[in-house]
1. Looking only at P60, P24, P38, which one moves most when the chain is put into a Gaussian network model with springs between Cα atoms under 10 Å?
2. Sum -39500 (n - 2.57) across every DSSP H segment of at least 4 residues in the chain, then divide by the residue count to get the 222 nm mean residue ellipticity, nearest 500.
3. I'm spelling it out carefully: the read-out is Cα extents along the principal axes in Å, the candidates are (i) 52, 34, 16; (ii) 67, 28, 16; (iii) 48, 44, 18, and one was derived from this structure. Which label?
4. Per residue, how much accessible area does the chain have with a 1.4 Å probe, in Å²?
5. Charges on Cβ only, +1 for Lys and Arg, -1 for Asp and Glu, centred on the Cα centroid of the chain; of V23, S13, G50, which one is farthest towards the dipole's positive end?
6. Calculate the spin-label point distance for L73 paired with A43, positioning each point 7 Å from the Cα along the beta-carbon direction, and give it in nanometres.
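The values are calculated or read from the model by the stated rules, or taken from the named source; none is laboratory data. This is a predicted model, so every value here is computed, not measured. Using ideal geometry, Cβ is built from the backbone for each residue, glycine included, and neighbour counts are taken over all protein chains shown. These accessible areas exclude ligands, DNA and RNA; they are computed on the full protein's heavy atoms, side chains included. Shrake-Rupley method; radii C 1.70, N 1.55, O 1.52, S 1.80 Å.
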Amino acid sequence: VGVPLGLGCLVHSLGDALTFSRVPLLWPVRLRGCRWAPLGMWAPLRFRTGSAAELLLVVPALLLLGGVSAWTLITP
């Protein structure tokens, strides 16, 4: 249970890093004297949640990965 839970948390944090809000991924570490320095992708690669970029890129990728995961669990 611990490994899937840890991977889910990591993937969720990386997904948040793709948005304009970014994520304090290295929270306990001080960056430039601040503990709440948000980390994220390069500015042109970020997108807003609910935008066309999310609907056209993220949703199909998640559906594809979910399908592949289900297929590997079903087939022997």
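1. The residue with the greatest mean-square fluctuation here is P60.
2. On the way: 2 runs with 32 residues, N = 76.
Result for the chain, helices only: -14000 deg cm²/dmol.
3. Evaluating Cα extents along the principal axes in Å on these atoms matches (i).
4. Heavy-atom accessible area per residue stands at 82 Å².
5. Final value for the positive-end residue is V23.
6. Between A43 and L73, the label points sit 4.1 nm apart.
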